[in-house]
Amino acid sequence: MRPLSSDYDPHFEPYVSLVKNEDIREAFTDSLPALEHFLKTIPENKAGYAYAEHKWTVKQVLQHGIDAERVFTYRAMCIARGETQSLPSFDDKLYAGNATVQHRSLKDLTDELTLVRKSSVLLFASFTPEMLNARGIAGGKPITANSLGYITVGHWTHHQNLLRERYGI
């Protein structure tokens, strides 16, 4: 079932709206082939490319995708398992600034993003409906595990769209 707008902070609506599936487990499963195909289309000569000054390079976008997926799915797992403590915020700019990608190859990053998504597929497949509907607090705001799945899939879709539109991939 799609999350209700009251199941997550409105800040995440642009990501949730990008996911068309009515079941988050199907959304994760359906997203994997498209993600794998897209990552294979990134040319090596674009790895260090940024479309404007002070914008992330392609490799930085990939690292951000990896980091965000890990954070979002960790939150979902905690909430699905009954965590009652507030989970910390995620400062994507801080993380990106501290994640040096210059020493990493494009292949390494695309392989890691693919493996992280495969892990996410398996994690969400393991959740019962009750676990998906579990509520918790992340970044000081109420959220459900199900919503975090939609945010995760939609977040990457958003960045994949930007890579196509602004980076020419």
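Data for the structure
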item	result
Residues located in the range 126-155, provided they are part of a loop (DSSP other than H, G, I, E, B) and of a type in the set (Gly, Ala, Ser)	ALA134, GLY139, GLY140
Among residues of the range 113-142, those that are closer than 24 Å to ASP91 by Cα, β-branched (Val, Ile, Thr) and out of contact with any helix residue (DSSP H, G or I) (no Cβ under 7 Å at 6 or more places or on another chain), counted	1
Residue match in the range 22-30 (condition: modelled with pLDDT under 95 and hydroxyl-bearing (Ser, Thr, Tyr))	no
THR152 under 18 Å from the mean Cα position of the chain (by Cα) and either of a type outside the set (A, V, I, L, M, F, W, C) or surrounded by fewer than 15 Cβ atoms within 10 Å (Cβ to Cβ) (or both)	yes
Helices (runs of 4 or more DSSP H) wholly inside the range 23-116 that include at least 3 residues being buried (at least 17 other Cβ atoms within 10 Å of the Cβ) and not small (Gly, Ala, Ser)	24-40, 58-80
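Listed here are the residues, each with its yes/no results for (1) in contact with a His (Cβ under 8 Å, 6 or more places away or on another chain); (2) among the aromatic types (Phe, Trp, Tyr); (3) in contact (Cβ under 8 Å) with a residue 12 or more places away in the chain.
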{"residue": "ILE66", "(1), (2), (3)": "no, no, yes"}
{"residue": "ARG75", "(1), (2), (3)": "no, no, yes"}
{"residue": "THR84", "(1), (2), (3)": "no, no, yes"}
{"residue": "THR100", "(1), (2), (3)": "no, no, no"}
{"residue": "LEU106", "(1), (2), (3)": "no, no, yes"}
{"residue": "VAL116", "(1), (2), (3)": "no, no, yes"}
{"residue": "PHE124", "(1), (2), (3)": "no, yes, yes"}
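The values are calculated or read from the model by the stated rules, or taken from the named source; none is laboratory data. Since the structure is predicted, the reported quantities are computational estimates derived from the model, not experimental observations. Don't worry about glycine lacking a Cβ; one is built from the backbone with ideal geometry, like all the others, and counts go over all protein chains shown.
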